[in-house]
1. Given (1) over 18 Å from T70 (Cα atoms); (2) in a loop (DSSP other than H, G, I, E, B); (3) touching a Cys at 6+ places or on another chain (Cβ under 8 Å), where does V176 come up short, assuming only one miss?
2. Picking from S240, S286, S218, S231, which residue would you name as being touching a residue at least 24 places away in the same chain (Cβ under 8 Å), loosely packed, with under 12 Cβ neighbours inside 10 Å and of a type in the set (S, T, N, Q)?
3. Of all the residues that make up the stretch 256-272, how many are at pLDDT 95 or above and in a loop (DSSP other than H, G, I, E, B)?
4. Can you pull out every residue in the stretch 33-75 that is within 14 Å of A95 (Cβ to Cβ) and surrounded by fewer than 14 Cβ atoms within 10 Å (Cβ to Cβ)?
5. Based on this model, can you work out whether V206 counts as touching a residue at least 24 places away in the same chain (Cβ under 8 Å) and part of a strand (DSSP E or B)?
6. Within the stretch 28-85, which strands (runs of 3 or more DSSP E) (wholly inside it) include 1 or more residues that are within 18 Å of R178 (Cβ to Cβ) and over 22 Å from the mean Cα position of the chain (by Cα)?
7. Quick one: is V225 hydrophobic (A, V, I, L, M, F, W, C), at pLDDT 90 or above and not in a loop (DSSP other than H, G, I, E, B)?
8. Only residues that are in contact with a strand residue (DSSP E or B) (Cβ under 7 Å, 6 or more places away or on another chain), closer than 27 Å to G93 by Cβ and either small (G, A, S) or surrounded by fewer than 12 Cβ atoms within 10 Å (Cβ to Cβ) (or both): list them for the stretch 8-29, please.
Amino acid sequence: MFAYRDTVSSPKNAPNAILACRFQISGAPSKLRLEWHRRQGKSFKQLEGSRYNLTHYVSSYGKPREYVTTLEIRNINQDDYAVYRCHVSYEFGTAHADVQLIQAETSRPDSRPPDTPFACCKYHGVEGRCMNMCGLENEVRRSPNIPQNCSTEIGKVLSCAMPAVDDSACCLRARVPRACMYLCDSFLPPSSEMPAVCKNHLDDVVECRYNGALKRPSAPKDVKVSSSSDSQVLLNWKDSERAEVYHVYWRKHHSTWDKKSVTSTSKSITNADEVVVVAANSFGLSQPVKMSMVNNKWHRG
C-alpha cells in the first residue's frame, strides 16, 4: 500500500482537502475493510464525524487489481495539518501508508516564466487541426475546448493549458482510472495515445480541471507597458481575481530572465524587450501574460 502523494498541501480555510492511497489485491476479497486514522501523539486514532468522507474504488482491473481509497477533509483549519494513515485489511492480511497534510504557501516563481498554452502546444507538436484547443496565440482560457477527433492530443493540451498543476485529488474522488490520471496531473508524463477507457471519464477530467482553475488566480488584465526613458519602462495591469502576489519576468535579446515578485499592480523595469506577468496564490499560478517589443512598439504575445 502506498500514498498517491506522501505530502499534500492545502491552504488554510480551504473548503476541503483530499488524501489518497493505492493498494493492490489479487482476486476479489470478501472481507475488505478500509479505515483512515490521524496521528495523535505516538498513536493513531480512527477518524469519525461528518467532516470526513471516505470512498474507495477499483482503479485498475489488471492482475492484481489496484484499488484507490480517498479521504476528504472538509472545512480545513489549523488543527487539520497532521499525519494521516490509510489502513486496509482483508482475509489474507493488512497494510497501511502515511500521508502528511501541510499548509500550502503562495506559489513561488521559477527561474523562467511558464510558456503560454499556444506556445507550449506548438513546441510539443500538437496537430494543426487541434491547435484551437490551445486557444489563439494571445488568448487566455480557463480550460481547453475539445473538438472532434483530437482525443489523442488532450494529454498534451491539458499539460500545456495548466502546467505544473495537480488536480489529481478531484479526479481520484471522481473515480478516474489510473490509466487516465495523466489527464489530471501535469506532473505525470502525457500519453501519446489516450486509452479508450479515458473517453468515458473526460467530462469528469474537464470538470476537475475547470474547478481547479477557479481556485487559482485569473490572468492579469489590461497589461500595459509605457516607456519612461530609453532603458526604463513601467509595467501596469489590473488586479487579478484571487491573486496574492504577482511574479514579473523580463529580459532583453533572449538573455537570462530577471524576476521580481510584487503585491502591487505595477513594476518599473530596465533593459527589456520581453516581459511576462503571472498571478499567484496558494492554489497555484494563473496563465501568463506576455508582452514583446516589435519595431519599437509593445505588443501582446
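1. (1)
2. Details: S240 fails: loosely packed, with under 12 Cβ neighbours inside 10 Å; S286 fails: loosely packed, with under 12 Cβ neighbours inside 10 Å; S218 fails: loosely packed, with under 12 Cβ neighbours inside 10 Å.
Among S240, S286, S218, S231, only S231 is touching a residue at least 24 places away in the same chain (Cβ under 8 Å), loosely packed, with under 12 Cβ neighbours inside 10 Å and of a type in the set (S, T, N, Q).
3. 5
4. Within the stretch 33-75, R33, P64 meet the criteria.
5. Working: touching a residue at least 24 places away in the same chain (Cβ under 8 Å): yes; part of a strand (DSSP E or B): no.
So V206 does not fit the description; no.
6. 33-40, 52-60, 65-74
7. So V225 fits the description; yes.
8. Once the filter is applied, which keeps residues that are in contact with a strand residue (DSSP E or B) (Cβ under 7 Å, 6 or more places away or on another chain), closer than 27 Å to G93 by Cβ and either small (G, A, S) or surrounded by fewer than 12 Cβ atoms within 10 Å (Cβ to Cβ) (or both), the stretch 8-29 yields only A20.
The values are calculated or read from the model by the stated rules, or taken from the named source; none is laboratory data. Bear in mind the structure is a predicted one, so any value in this text is a computation, not a measurement. Ideal geometry is used to build each Cβ from the backbone, glycine not excepted, and the neighbour counts take in all protein chains shown.
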